[in-house]
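The numbers here are math on the coordinates, done by the rules we state, and not lab data. Here the structure is a predicted model, which means the values were calculated and not measured. Here Cβ is always computed from backbone atoms with ideal geometry, including for glycine, and neighbour counts include all displayed protein chains.
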Amino acid sequence: MSFEEIFAKLDEFGCNLVEVTGGEPLAQKNVLPFVTELCDRGFEVLIETGGYVSTKNVDPRATIILDVKCPASGEAKRNYWPNLERLRPHMDEVKFVIAEMSDWEYTKGIIEKYDLSKRTKDVLISPVHGVESLAEIAEAVAQSGLPVRLNLQLHKYIWGDDARGV
């Protein structure tokens, strides 16, 4: 799909908010000029990134939602830590997907090490859908006193794990 075809579709939708996501959007060849064009046309742009590609060249008008991979994901070694130092407290967010209590302990360490409560607009804690320890994780988050938000994948609770396009 060309940029113009995408912009025509956005006009049909009549929305002003665009979230660029899916796999690792920053690994896509034309994503940076696309994001700049979105911003130039007045769209509010969110980029939900997997956190292992540099955010350095992203248009500064776009909001970054940076996913920090936790150990249980098997992807923690891919985190590109300089991205955390580029986060902007007035607009960017960081998200941790928690599969078990050891991920929560890891998350608390990263929040402290990078001073994320001051470096970001929001720190999101997203337990993996269907995790058996959801109540335990939620209680630990609530008891921590940290300025974080528990963020459930509501679409999975409503439409199920396999639903697409919701």
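List every residue pair whose Cβ atoms lie under 8 Å apart, where the two residues are 6 or more positions apart in sequence or sit on different chains, the first residue falls within the stretch 68-94 and is in contact (Cβ under 8 Å) with a residue 12 or more places away in the chain and more than 12 Å from Tyr114 (Cβ to Cβ), and the second residue, located anywhere, is assigned to a helix (DSSP H, G or I) and hydrophobic (A, V, I, L, M, F, W, C).
Lys69/Ala76; Cys70/Ala76
Is it true that Glu100 is farther than 28 Å from Lys29 by Cα, surrounded by 15 or more Cβ atoms within 10 Å (Cβ to Cβ) and more than 16 Å from the chain's Cα centre (by Cα)?
Details: farther than 28 Å from Lys29 by Cα: yes; surrounded by 15 or more Cβ atoms within 10 Å (Cβ to Cβ): yes; more than 16 Å from the chain's Cα centre (by Cα): yes.
It is true that Glu100 is farther than 28 Å from Lys29 by Cα, surrounded by 15 or more Cβ atoms within 10 Å (Cβ to Cβ) and more than 16 Å from the chain's Cα centre (by Cα).
Just to be sure I understand the filter: pairs with C-beta atoms under 9 Å, separated by 6 or more residues or on different chains, first member in the stretch 19-30 and over 18 Å from Phe43 (Cβ atoms), second member not charged (D, E, K, R) and not in a loop (DSSP other than H, G, I, E, B). Which pairs pass?
Between residues of the stretch 19-30 that are over 18 Å from Phe43 (Cβ atoms) and residues that are not charged (D, E, K, R) and not in a loop (DSSP other than H, G, I, E, B), the close pairs are Glu24/Thr49.
Taking the condition of being closer than 22 Å to Val53 by Cα, in a loop (DSSP other than H, G, I, E, B) and touching a helix residue (DSSP H, G or I) at 6+ places or on another chain (Cβ under 6 Å), how many residues in the stretch 90-120 meet it?
Qualifying residue count, the stretch 90-120: 1.
Would you check which residues across the stretch 50-80 are within 17 Å of Leu124 (Cα to Cα) and either out of contact with any helix residue (DSSP H, G or I) (no Cβ under 9 Å at 6 or more places or on another chain) or of a type in the set (D, E, K, R) (or both) and list them?
Thr63, Ile65, Asp67, Lys69, listed by residue number.
Could you check the stretch 11-39 and list, in sequence order, the residues that are out of contact with any strand residue (DSSP E or B) (no Cβ under 7 Å at 6 or more places or on another chain) and part of a helix (DSSP H, G or I)?
Hits for the stretch 11-39 are Asp11, Glu12, Phe13, Ala27, Leu32, Pro33, Phe34, Thr36, Glu37.
Give me the residue from the stretch 137-162 that is within 16 Å of the chain's Cα centre (by Cα) and assigned to a loop (DSSP other than H, G, I, E, B) and, out of that set, surrounded by the most Cβ atoms within 10 Å (Cβ to Cβ).
By that ranking, first place goes to Val148.
So that you can scan it fast, the table gives a plain yes or no per residue for (1) out of contact with any Asp or Glu (no Cβ under 6 Å at 6 or more places or on another chain); (2) free of Cβ contacts under 8 Å to residues at least 12 places away in the same chain; (3) aliphatic (A, V, I, L, M); (4) closer than 19 Å to Lys69 by Cα:
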{"position": "Thr120", "(1), (2), (3), (4)": "no, no, no, yes"}
{"position": "Pro127", "(1), (2), (3), (4)": "yes, no, no, yes"}
{"position": "Glu132", "(1), (2), (3), (4)": "yes, yes, no, no"}
{"position": "Gly145", "(1), (2), (3), (4)": "yes, yes, no, no"}
{"position": "Gln153", "(1), (2), (3), (4)": "yes, no, no, yes"}
{"position": "Trp159", "(1), (2), (3), (4)": "yes, yes, no, no"}
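For the condition in contact with a strand residue (DSSP E or B) (Cβ under 7 Å, 6 or more places away or on another chain) and part of a loop (DSSP other than H, G, I, E, B), what is the one hit in Gly42, Gly51, Gly130?
Selected residue: Gly51, the only one of Gly42, Gly51, Gly130 that is in contact with a strand residue (DSSP E or B) (Cβ under 7 Å, 6 or more places away or on another chain) and part of a loop (DSSP other than H, G, I, E, B).
Here is a yes/no grid of residues against (1) farther than 20 Å from Arg78 by Cα; (2) surrounded by 13 or more Cβ atoms within 10 Å (Cβ to Cβ); (3) in contact with a Ser or Thr (Cβ under 6 Å, 6 or more places away or on another chain):
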| residue | (1), (2), (3) |
| --- | --- |
| Ala27 | no, no, no |
| Asn30 | yes, no, no |
| Phe34 | yes, yes, no |
| Leu38 | yes, yes, no |
| Asn57 | no, no, no |
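For every residue, the table says whether it meets (1) under 25 Å from Ile158 (Cβ atoms); (2) not charged (D, E, K, R).
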| site | (1), (2) |
| --- | --- |
| Thr55 | no, yes |
| Arg61 | no, no |
| Lys69 | no, no |
| Glu100 | yes, no |
| Lys108 | no, no |
| Tyr114 | no, yes |
| Pro127 | yes, yes |
| Ala138 | yes, yes |
| Ala142 | yes, yes |
